Amino acid sequence: MSAPDQLLVVIDAVARRNDGESVRIARDVLRAGASAKICLADTPAEFARALARRGSRRPVVIGDDRALLRAVAQLHRERELADGALSLVPVGPRAGVELAGALGVPLGAVAAARAVLDGAARRLDLLVDDSDGVVVRGLRIPAGPAGLTVVEPPSVWTTCRSLVRTLVRPAPAVPAMRAHRLRVEADGRLLSDLDDPVEGVTVLSRGGVAEVVVRPRAAEPVRAEATRITVSGASFRYRADALVTGPVWTRTWTLRPSAWSLTLPVG
């Protein structure tokens, strides 16, 4: 077989425990359509070792959004993220695969596995922060409602099981929201300063730019497009994709257009 038909399938431990049937179906579809080496990675070392030893095989992750983010972060740290396309078969509760769906990955095991075999690589943007953390799609400051588990890299793997259990959909917004004193800059342009409390900040990477929205407490939202965003001020936590990080006092995110590839259905 040619190199593109060689797969390294890394199956997330949480996916195996929570939905073994979907994992089995996805594995069987992949094996039927390609030469697939199956890796059951139960520890961070096994996960990293499997990716490092993939050779010419295309990496395929079977798991939820956090499994995808682990793979992206791992390949980014090794400076190999741009070397080839990553593939995902989402397995997990609906709230745990929302990122995958937003990126265009089919949420059914069979459809996703077939997309791995028959799809095409699509270049996607990446936000990289000043601690070398990555954001695949978007971030929100503050992190969100109380109750979300806070994750401090590099301890994502050791806490991922409890995260899957405790992740819930964000509660509806309520009128009385806490104000945050944050300084927000987008490509050097000041969008908000410490004397102007804000209810929140969101950043979404889309089409080669980062869309920034600052929501002041007593004014209309301020919107901007940028490639470099800095937020500083009072200690804050932020939600980057499916993970919550912090507290930090300042953080800068830089957009890297078309920094990585994800296999998606054609058409």
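Observations on the model:
- Of 110, 61, all but one fail to be under 20 Å from residue 262 (Cβ atoms) and assigned to a strand (DSSP E or B); the exception is 61.
- Cβ pairs under 7 Å, 6+ apart, first in the range 194-205 and of a type in the set (A, V, I, L, M, F, W, C), second surrounded by fewer than 16 Cβ atoms within 10 Å (Cβ to Cβ) and outside any strand (DSSP E or B): 194/181; 198/179; 198/217
For every residue, the table says whether it meets (1) assigned to a helix (DSSP H, G or I); (2) more than 19 Å from residue 31 (Cα to Cα).
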{"position": "70", "(1), (2)": "yes, yes"}
{"position": "87", "(1), (2)": "no, no"}
{"position": "99", "(1), (2)": "yes, yes"}
{"position": "116", "(1), (2)": "yes, no"}
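- Take the conditions (1) open to solvent by 40 Å² or more (accessible area, probe 1.4 Å); (2) at pLDDT below 60; residue 164 misses just one of them, which is (1).
The values are calculated or read from the model by the stated rules, or taken from the named source; none is laboratory data. As the structure is a computational prediction, the values presented were derived from the model and not from experiment. Every residue, glycine among them, receives a Cβ derived from its backbone with ideal geometry; neighbour counts consider all protein chains shown. Side chains included, ligands, DNA and RNA excluded: accessible areas come from the protein's heavy atoms. Shrake-Rupley method; radii C 1.70, N 1.55, O 1.52, S 1.80 Å.
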